[in-house]
1. Taking the Cα of residue 34, stepping 7 Å toward and past its beta carbon, and measuring to each backbone N in the stretch 252-292: which are under 13 Å?
2. If the chain between residue 204 and residue 335 were fully stretched, how many nm would it gain, using 0.36 nm times the residue separation less the Cα-Cα distance?
3. Take the Cα radius of gyration of the stretch 189-348 and divide it by 2.2 N^0.38 Å, with N its residue count; two decimals is plenty.
4. Give me the one-decimal nm value for the distance between modelled label points at residue 104 and residue 24, 7 Å along each residue's Cα-to-Cβ direction.
5. Calculate how steeply helix 2-12 sits against the longest principal axis of the alpha-carbon atoms of the chain, using the helix alpha-carbon long axis, and give the answer as 0 to 90 degrees to the nearest 10.
6. Taking the beta-carbon count within 10 Å as an exposure proxy, list 161, 108 from fewest neighbours to most.
7. At 222 nm, what value in deg cm²/dmol follows for the chain if DSSP H runs of at least 4 each add -39500 (n - 2.57) and the sum is divided by all its residues, to the nearest 500?
8. In µm²/s, what is D for the chain at 37 °C and 0.692 mPa s, where D = kT/(6 pi eta Rh) by Stokes-Einstein and Rh is the Kirkwood radius from Cα pairs?
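We did not get these values from a lab; they are worked out from the coordinates using the rules stated. Predicted model only: the values in this text are computed from it and were never measured. As a convention, Cβ positions derive from the backbone with ideal geometry for all residues, glycine included, and neighbour counts pool all protein chains shown.
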């Protein structure tokens with residue numbers, strides 16, 4: 001009752017004026033699956049009840065295609081969408097998104113710093129980790145360079161297929177500090193350094209494309225270690241799987257809630273962002289989906305055992321933030337060339 005009343009007071013003023021007729025009801029787009037089911041349960045439905053509207057839903061499929069279709073057709077199928085940092089930056093620059101008036105959302109200092117974007121409110125933080133089978137590993141690895149130590153930990157290694165993430169991870173394993181990774185990649189010889197490092201384990205790599213594969217591979221013994229998504233590993237550990245992990249050398253990022261500039265429901269979209277910036281809906285979601293909240297007060301309320309499996313602020317310092325402007329610029333400029341080189345290297 002205390003939580004509901006607090007949010008209710010926050011949103012009481014929001015209900016006024018929502019009943020204006022529109023061609024399409026207020027619509028939020030997210031990533032689908034169990035993930036969006038958890039959002040509906042802990043956030044979409046409670047928000048709709050509190051402001052007296054039906055929240056409609058859509059799915060975002062990632063990448064730029066749906067935004068390009070909006071530009072080409074003028075049809076905007078949703079009002080708010082959850083997207084990654086690269087797409088948020090591009091869409092903001094191209095005027096597809098609303099440049100946010102933060103006075104309508106929350107005090108910026110109530111959020112983790114990376115959650116405050118010109119056109120977006122941080123939704124969750126995510127990360128990769130290295131996972132291994134606790135029952136068979138012996139001495140547990142603890143750092144990125146251990147992934148390459150095939151004398152101490154023999155066996156195959158699982159990596160996500162493609163150059164992104166792997167190039168950053170290889171440099172951290174080669175001794176580059178996380179904050180310097182994109183500077184090294186962008187400098188002369190940086191890319192060659194990555195391929196030289198990757199050559200050390202090339203014949204041991206098992207490539208994966210789906211988020212469930214890393215856990216399956218380490219528990220079955222197909223690989224000794226694998227890169228994987230921290231929330232997947234946390235959920236599988238909670239279900240009793242012997243999946244240990246470490247944060248060193250992680251790749252972390254943040255998704256953002258953004259408002260489409262051509263939305264017919266911009267006022268309601270702002271009300272959604274203001275609601276989302278409060279700790280309670282974020283806590284409720286985090287307890288079902290182990291990703292990092294963006295409200296500082298939400299972090300303060302998370303149990304210690306849950307904190308250990310979340311991409312928390314301490315974990316972020318041990319890895320590379322993939323939304324770094326330097327990193328985004330590097331991949332925008334080089335993704336095609338490096339993808340071609342990467343595929344050629346795999347096939348050699």
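1. So the set is 288-291.
2. On the way: separation 131, 0.36 × 131 = 47.16 nm, distance 2.44 nm.
Additional length available on full extension: 44.7 nm.
3. On the way: Rg = 19.2 Å, N = 160, 2.2 N^0.38 = 15.1 Å.
Dividing the Cα radius of gyration by 2.2 N^0.38 Å gives 1.27.
4. With each label point 7 Å from Cα toward Cβ, the separation is 1.9 nm.
5. Relative to the chain, helix 2-12 is tipped by roughly 60 degrees.
6. Details: 161 14, 108 11.
The order, fewest Cβ neighbours first, is 108, 161.
7. Numbers: 16 runs with 141 residues, N = 348.
That calculation yields -11500 deg cm²/dmol at 222 nm.
8. On the way: Rh = 21.4 Å.
The estimated diffusion coefficient comes to 153 µm²/s.
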